[in-house]
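Enquirer: There's a structure below that I have some questions on.
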Amino acid sequence: MSELVLHRGISLNRIGAMILRYWYLLLSSWPRLLELTYWPVLQVITWGFLQTYIAQNANFFLRAGGTLIGAVILWDILFRGQLGFSISFLEEMWARNLGNLMMSPLKPIEFLLALMAMSVIRLAIGLIPMTLLALVLFHFNFYSLGLPLIAFFCNLIFTSWAVGIFVSGLVLRNGLGAESIVWTLMFALMPLACVYYPVQVLPIFTLTQYYAFASMLRRKQGSENHADW
């Protein structure tokens with residue numbers, strides 16, 4: 001079988017082999033698969049019922065139907081994208097296999113690309129059921145956002161990969177004693193991303209991910225006049 005080589009000697013075969021390794025690892029354990037869908041489904045149900053209650057008691061949320069559900073789904077892209085990247089890296093740390101990978105022909109950039117691809121796969125496993133559940137139970141069509149959804153997704157997934165690389169580097173430098181930061185760092189950024197509230201409530205700067213959540217709100221309201229978000 002001929003090896004597919006990209007720019008600067010990057011091998012698609014080696015990247016594909018790493019993706020298959022993580023895929024088989026995922027399929028070999030049903031708790032891993034359950035974890036990918038359990039929390040997203042639980043979140044959309046919880047926030048969906050809250051959204052339904054608020055919509056019955058506040059005119060703003062009647063005009064901005066699905067705001068909380070949409071924010072939860074976008075937040076899950078950011079959080080689960082980072083977690084999918086970092087957990088795949090931690091699998092190598094837990095198995096004490098990182099040294100073997102570094103002695104193989106696998107290049108660091110190929111390793112990163114495989115982690116990014118696996119991040120998207122793990123995200124899709126949880127995100128697709130989450131959006132379908134929101135549509136069936138709460139009549140919220142996440143895909144009705146249209147083409148801007150691609151920009152929102154790119155904004156969030158690229159950020160999640162950047163954070164994933166950062167926390168993986170911390171774990172690599174400090175050992176598994178620092179692995180808790182994999183789950184906690186993104187939540188430290190959450191207040192600055194304005195997931196559930198407008199940017200005006202912040203006394204300091206916000207993150208660029210704010211624009212994904214604010215734009216989603218404006219599109220669901222069907223108006224460009226809500227500049228306070």
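The values are calculated or read from the model by the stated rules, or taken from the named source; none is laboratory data. Remember, it's a predicted structure, so these values are computed and weren't measured experimentally. Glycine also receives a Cβ, built like all others from the backbone with ideal geometry; neighbour counts cover every protein chain displayed.
So that you can scan it fast, the table gives a plain yes or no per residue for (1) of a type in the set (G, A, S); (2) in contact (Cβ under 8 Å) with a residue 60 or more places away in the chain; (3) over 16 Å from V72 (Cβ atoms):
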{"position": "F152", "(1), (2), (3)": "no, yes, no"}
{"position": "L156", "(1), (2), (3)": "no, yes, no"}
{"position": "G164", "(1), (2), (3)": "yes, yes, yes"}
{"position": "V171", "(1), (2), (3)": "no, yes, yes"}
{"position": "G175", "(1), (2), (3)": "yes, no, yes"}
{"position": "P191", "(1), (2), (3)": "no, no, no"}
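Enquirer: Among the residues of the stretch 96-112, is there at least one that is within 21 Å of L74 (Cβ to Cβ) and either of a type in the set (S, T, Y) or out of contact with any strand residue (DSSP E or B) (no Cβ under 6 Å at 6 or more places or on another chain) (or both)?
Expert: No, there is no match, as no residue in the stretch 96-112 is within 21 Å of L74 (Cβ to Cβ) and either of a type in the set (S, T, Y) or out of contact with any strand residue (DSSP E or B) (no Cβ under 6 Å at 6 or more places or on another chain) (or both).
Enquirer: For S168, indicate whether it is under 20 Å from the mean Cα position of the chain (by Cα), of a type in the set (S, T, Y), surrounded by 13 or more Cβ atoms within 10 Å (Cβ to Cβ) and at pLDDT 65 or above.
Expert: Yes, satisfied.
Enquirer: If we scan the stretch 218-229, do we find a residue that is touching a helix residue (DSSP H, G or I) at 6+ places or on another chain (Cβ under 9 Å) and either closer than 19 Å to W47 by Cα or at pLDDT 75 or above (or both)?
Expert: yes
Enquirer: While we're on this one: Go through G99, G48, G81 for me and flag whichever is assigned to a helix (DSSP H, G or I) and free of Cβ contacts under 8 Å to residues at least 12 places away in the same chain.
Expert: Result of the check over G99, G48, G81: G99.
Enquirer: Kindly indicate whether L26 is buried (at least 22 other Cβ atoms within 10 Å of the Cβ) and modelled with pLDDT of 85 or more.
Expert: no
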